[in-house]
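Trainee: Below you'll find the structure I mean.
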Amino acid sequence: MIYAEGLRKRYAANEALKGIDLEVPAGTVCGLLGPNGAGKTTAVRILTTLLRADAGRAEVDGLDVVRDAARLRFRIGLAGQHAAVDELLTGRRNLQLFGRLYHLSRAEARRRADELLERFGLAEAARRPVKEYSGGMRRRLDLAASLIVSPPVLFMDEPTTGLDPRSRLQLWELLRDLVKEGTTLLLTTQYLDEADQLADQIVVLREGVVAAAGSPEELKRTVGGDRVQVVFRDAADVAAGVRLLRSATTPAIESAEGRQVTVPAADGAQSLVRIAGALDAAGIPVEDLALRRPTLDEVFLRLTA
Amino acid sequence: MYETLRWTVADALTIAGRTYARLKAQPGEIAGFLVFPVIMTVLFGYVFGSAIVLPGGGDYRNYLMPGIFMQVMAMTATSAATTVGEDMARGIIDRFRAQPIARSAVLVGRSVADLSMHLLSLAAMVLAGVLIAGWRAHGSLGDTVAAFGLLALFGFAMIWVGTYIGLWIQSGAQADAATFGWLFPMTFLANTFVPTEGLPAWLKPVADWNPMSAVVAAVRGLFGNPTSVSPAWPLQHPVTASLIWSVAILAVFLPLAVHRYRTMSR
């Protein structure tokens, strides 16, 4: 559905993209992850016909982003980093405006606007100017504006940056529904949990190249499996505790810093149970004991360090 | 071909409709539009006007009004730069560009709607001139229409200057400053408020060749208002000169702005 090969883009002295490949199958979600300046936005701008790549080619929904740009614009939706809606106009008027620009008739544009306002929980605010909307409402209106022609492919550039947790969850829910209905979604984000929650496939960009790609699980596996982390209450117990941990799990100690010791948990939660039992039996007091799963943060930090 | 043209016109009208809807949403703006002319007329006509004697004789307030008309049209660049810069910053221009809209429709639609609003402001200014300053047009109907035509053309050209600045600066407030900063002083560095004859020798050519001087001299002539004569070519042939200037500004900035809109990369 989205296909890119060898995309390059240079701005003056700065090479934003140094040849990236992408492939997103229809009906899936691809999360483009990376620190600021990694080239995420540039990639989205090329795929949405806003920017022309210096080299490489890209197709969205079978249409070339340069040669078929005019037709492609009917097949994509874009929600950028800002809520790109007119502050002074009402939510309804905004959607009508964008609908008219997709060449809907006046009546169709009005009908579609009301439909989307209803769906995105904005029906009550429809007649209020957008400047009175909360951040979450603006984002929802922005998303609605990009869905006027029900595009099969949706691009979202940092859709939840700056939103409060409740609004983020709401937006995630809306995105999940869209994907369930068959929309292909490419989103950029700096939030790893967002990628983890939504994406089938994650592409990590660093300095204009693809640093890693795969499903969230595949990426997490690259930084190792589960671990158990123990924090002993008394520093004096650490030596005895480490001996005990060695016998209770695999002999390896991953790290020991002060009172905190981390060991690999080969059997996942079962390892935790064994360690808890052994520590209890030996009467060694602990301050904290937890099973740590690898997070995308670790993947991210390792890949982008 | 016909289809493309039809959509270009339809899209431009939709964009123009947005400009009007925005204006309706801020009644304060309309009030400002209408009150500003009155303030300018009183301030210049009566405060400064009380101390100014024209070298060639004639009523200063009748001399002044065409200058203020031109100033209103020149400042169209500031509001165009501000609104386009704001749309850039908010990503609205990006949204338009990602939509299947005729490439020139957004800018053309805006500029035409902008011009029509500024003509409304000009009408308010004319009314203020007539009622407060006793200004009259003494030329034939044809001359009067031609004078307003020249003002409109100049305003339209300046809208494109502002549009181009807004597309580059990508911030409403900064685009405002970047335009107002040179444009407002430039409206004074002309025959707008005082005849250029009295200016120091090094400054006089600048004022004489300022496109705004040609526009003001041309409409003063067409309205039959007092005017001052400078030997500089543009002021000897003000109608021709102001047409050349306006068309030249348009010929440079309209294609530049459209090109920038189409190929923008950031």
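Trainee: I need every pair where a residue in region B:88-104 that is closer than 18 Å to A:L47 by Cα and facing another protein chain (nearest Cβ under 8 Å) has its Cβ under 6 Å from the Cβ of a residue that is of a type outside the set (A, V, I, L, M) and part of a helix (DSSP H, G or I), sequence separation at least 6 or different chains.
Mentor: Every condition considered, the pairs that remain are B:I101/B:D11.
Trainee: Spot the failing condition for A:G135; the list is (1) more than 9 Å from chain B (Cβ to nearest Cβ); (2) at pLDDT below 95; (3) closer than 25 Å to B:T83 by Cβ; (4) surrounded by 15 or more Cβ atoms within 10 Å (Cβ to Cβ), and only one is missed.
Mentor: (4)
Trainee: Let me spell it out: the conditions are (1) free of Cβ contacts under 8 Å to residues at least 24 places away in the same chain; (2) more than 24 Å from A:L186 (Cα to Cα); (3) more than 7 Å from chain B (Cβ to nearest Cβ), and A:R71 meets all of them except one. Which number is the exception?
Mentor: (2)
Trainee: Being outside any helix (DSSP H, G or I) and more than 30 Å from the chain's Cα centre (by Cα) is the filter here; which residues of region A:101-128 pass it?
Mentor: Those that are outside any helix (DSSP H, G or I) and more than 30 Å from the chain's Cα centre (by Cα): A:H103, A:L104, A:S105, A:R127, A:R128.
Trainee: Return yes or no: is B:S121 crowded, with 20+ Cβ neighbours inside 10 Å, closer than 28 Å to B:D11 by Cβ, at pLDDT below 90 and more than 14 Å from every other protein chain (Cβ to nearest Cβ)?
Mentor: Yes, satisfied.
Trainee: Follow-up question, since we're still on this one. Which residues, taken from region B:93-151, are part of a helix (DSSP H, G or I), among the aromatic types (F, W, Y) and more than 23 Å from B:E3 (Cβ to Cβ)?
Mentor: Scanning region B:93-151 gives a single hit, B:F148.
Trainee: Take B:V38 and decide whether it is among the β-branched types (V, I, T), part of a helix (DSSP H, G or I), under 18 Å from B:L150 (Cβ atoms) and touching a residue at least 24 places away in the same chain (Cβ under 8 Å).
Mentor: No.
Trainee: Report whether or not A:A79 is more than 18 Å from A:A212 (Cα to Cα), of a type in the set (A, V, I, L, M) and surrounded by fewer than 17 Cβ atoms within 10 Å (Cβ to Cβ).
Mentor: no
Trainee: Yes or no: region A:135-152 includes at least one residue that is part of a loop (DSSP other than H, G, I, E, B) and charged (D, E, K, R).
Mentor: no
Trainee: Cβ-Cβ distance below 7 Å, separation of 6 or more or different chains: which pairs start in region A:230-245 with a residue that is over 11 Å from A:Q260 (Cβ atoms) and end on one that is in a helix (DSSP H, G or I)?
Mentor: Filtered contacts from region A:230-245: A:L244/A:A278; A:L244/A:L279; A:L244/A:A282; A:L245/A:I275.
Trainee: Looking only at residues in region B:240-266 that are hydrophobic (A, V, I, L, M, F, W, C) and surrounded by fewer than 18 Cβ atoms within 10 Å (Cβ to Cβ), which one is farthest from the other protein chains (Cβ to nearest Cβ)?
Mentor: Among those residues, the one meeting the criterion is B:I244.
Trainee: If you don't mind, there's one more thing I want to ask. Given region A:204-283, what strands (runs of 3 or more DSSP E) lie entirely inside it while holding 3 or more residues that are buried (at least 16 other Cβ atoms within 10 Å of the Cβ)?
Mentor: Once the strands (runs of 3 or more DSSP E) in region A:204-283 are filtered for at least 3 residues that are buried (at least 16 other Cβ atoms within 10 Å of the Cβ), what remains is A:209-214, A:227-232, A:260-264.
Trainee: Using the structure shown, decide if B:G28 is at positive phi and within 14 Å of chain A (Cβ to nearest Cβ).
Mentor: no
Trainee: Moving on to the next point. Just need a number here: residues in region A:82-97 that are facing another protein chain (nearest Cβ under 7 Å) and either more than 31 Å from the chain's Cα centre (by Cα) or closer than 20 Å to A:V44 by Cβ (or both).
Mentor: 2
Trainee: Considering only region A:84-91, I want to know if a residue exists there that is surrounded by 18 or more Cβ atoms within 10 Å (Cβ to Cβ) and assigned to a helix (DSSP H, G or I).
Mentor: Checking region A:84-91: at least one residue is surrounded by 18 or more Cβ atoms within 10 Å (Cβ to Cβ) and assigned to a helix (DSSP H, G or I).
Trainee: Ok, one more. Of the conditions (1) buried (at least 24 other Cβ atoms within 10 Å of the Cβ); (2) outside any helix (DSSP H, G or I); (3) within 20 Å of the chain's Cα centre (by Cα), A:L7 clears all except one; give me its number.
Mentor: (3)
Trainee: Could you figure out which of (1) within 14 Å of chain A (Cβ to nearest Cβ); (2) surrounded by 23 or more Cβ atoms within 10 Å (Cβ to Cβ); (3) not aromatic (F, W, Y) isn't true of B:A81?
Mentor: Going through (1) within 14 Å of chain A (Cβ to nearest Cβ); (2) surrounded by 23 or more Cβ atoms within 10 Å (Cβ to Cβ); (3) not aromatic (F, W, Y) one by one, B:A81 breaks only (1).
Trainee: Out of all the residues in region A:33-41, is one or more part of a strand (DSSP E or B), within 14 Å of the chain's Cα centre (by Cα) and either in contact (Cβ under 8 Å) with a residue 40 or more places away in the chain or within 16 Å of A:E158 (Cβ to Cβ) (or both)?
Mentor: yes
Trainee: Looking only at region A:165-212, which residues are of a type in the set (S, T, Y) and modelled with pLDDT of 90 or more?
Mentor: Result: A:T183, A:T184, A:T188.
The values are calculated or read from the model by the stated rules, or taken from the named source; none is laboratory data. None of the values given here were measured: they were computed from a predicted structure. Here Cβ is always computed from backbone atoms with ideal geometry, including for glycine, and neighbour counts include all displayed protein chains.
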